[in-house]
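Colleague: The following block contains the structure, expressed as structure tokens.
The values are calculated or read from the model by the stated rules, or taken from the named source; none is laboratory data. Bear in mind that the values here come from a model prediction, so they are computed numbers and not experimental data. Heads up, the Cβs are rebuilt from the backbone with ideal geometry, glycines too, and the neighbour counts pull from every protein chain shown. For accessibility, only protein heavy atoms count, side chains too; no ligands or nucleic acids. Shrake-Rupley method; radii C 1.70, N 1.55, O 1.52, S 1.80 Å.
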Amino acid sequence: MPAAAKYQFRAYSASAATWFISMGVGQVVITWLVTVVLHETPERIGIMQTISMLPTLLLLIVGGTMADRRDPRTILMVCHVIFAAHPAALAWVIYAGYFSYDIMLAFALVGGFAGAFVMPARDTLLTNVTQGASMQKSVAFVNILQFGGQLIGILLAARAETIGAEPLLLLQTVMLLLGLYFISRLDAVPRAPAQKGIASAFKEMKE
């Protein structure tokens, strides 16, 4: 693989690793906040988890269509900016004393949009940064980063009782901003002129 291509893949890998570390931290912190801090029932915990997954279920095809029609690098950068603010805002809500189950539902809903747009854009971008390399090896390596990053995040968040929620949520923000930096080092993905309009977008989603 040429040196420039290696740099692109390393920057992509670093952005993926920081994203998955952040997600691992978030999985534990959110569950800990609802179960230990708010003492919610299993039913209400299940409702929150369902709401967090609903946007991905409903919008994944929309996100895939956007990744096909737009530069996935730009999509990822926008998502990283939005979702870096997400845990920082939750940390402020907790610090200010406005923390409640309803607030958690709202944050779970907003956070659920991440998967719908980030996953298709990241998969599309992987194809671009693996030019001259084995796609199978690249996919395997990214899968290792996914589970390894989440494991690191979970281990960090396992000390939530000692560290507290706010520092861990701010750690999420830092990881996402680092990921934003690495994504900014990637080349934009050129897109062929696509047919514009809502009708063509719906046609692509149907296909």
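Colleague: Return one whole number: the accessible area per residue of the chain in Å², for a 1.4 Å probe. All intermediate terms of the calculation are to be shown ahead of the outcome.
Modeller: On the way: 11230 Å² over 207 residues.
That works out to 54 Å² per residue.
Colleague: Mean 1/r over all different Cα pairs, inverted: what Kirkwood radius does the chain give, in Å? Show your work: numbers first, answer last.
Modeller: On the way: mean 1/r = 0.0554 Å⁻¹.
This gives a value of 18.1 Å.
Colleague: Express the carbon and sulfur contribution to the solvent-accessible surface of the stretch 73-161 as a percent, rounded to the nearest whole number, probe 1.4 angstrom. Mind dumping the intermediate values first?
Modeller: Numbers: 3180 of 4550 Å².
Carbon and sulfur together cover 70 percent of it.
Colleague: Please list 17-27, 169-179 highest first by mean number of surrounding beta-carbon atoms within 10 Å per residue. Walk me through the intermediate numbers first.
Modeller: On the way: 17-27: 24.5, 169-179: 21.7.
Peptide ranking by packing, descending: 17-27, 169-179.
Colleague: At q = 0.11 Å⁻¹, what log₁₀ I(q)/I(0) does a Debye calculation on the Cα points of the stretch 1-94 give, no solvent, two decimals?
Modeller: Per q value, in the given order, log10 I(q)/I(0) is -0.48.
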